[in-house]
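Comments concern the structure below.
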């Protein structure tokens, strides 16, 4: 999928959630990226924006988290998404690379490394077997490694929000 030139709308901020000032926005670089699950596990201040698409509405003061799987194709979609977002004046606070239980291919890793200078940070979120066993991702028991990844995402998002 080539996104080409899309228009993103910067909107006025929604009412701030009680847990954080301004909240978070999570968008997938491609279908099946794990954006919905990531948004659910980040808590009620995270808004799931679905998959990046023309007309995507992003608030100016809401840190954006871009989710992508750790595959070569997903890394290409993430590269396209970061490019389009930057062209439209939208910063990516975090590129969350969602694990699928298999090792990340070298070509994907190389593309994610190139994106590090264009986003606030790249965080690898490990595969969680527990998510396969529950209907509601908020009920999954997170591994310590997964909890560290979520904390790192929140810290990077807070850092971007403090500079806004």
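Below is a table of values for the structure above.
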{"quantity": "Pairwise centroid distance, computed over Cα atoms, of the range 63-80 with the range 96-136, Å", "calculated": "9"}
{"quantity": "Average Cα contact separation per residue, the chain, under 8 Å, 6 or more apart, as relative contact order %", "calculated": "22"}
{"quantity": "Estimated [θ] at 222 nm from DSSP helical runs (n ≥ 4, -39500 (n - 2.57)) normalised by residues in the chain, nearest 500", "calculated": "-10500 deg cm²/dmol"}
{"quantity": "Virtual spin-label span in nm between residue 136 and residue 87, 7 Å along Cα→Cβ", "calculated": "4.1"}
{"quantity": "Rough spin-label spacing in nm, given labels placed 7 Å along Cα→Cβ, for residue 151 and residue 106", "calculated": "3.4"}
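Computed from the coordinates by the stated procedures, all read-outs in this text should not be read as laboratory data. Not measured: the values here are computed from a predicted model. Cβ: placed from backbone, ideal geometry, glycine included. Neighbour counts: every protein chain shown.
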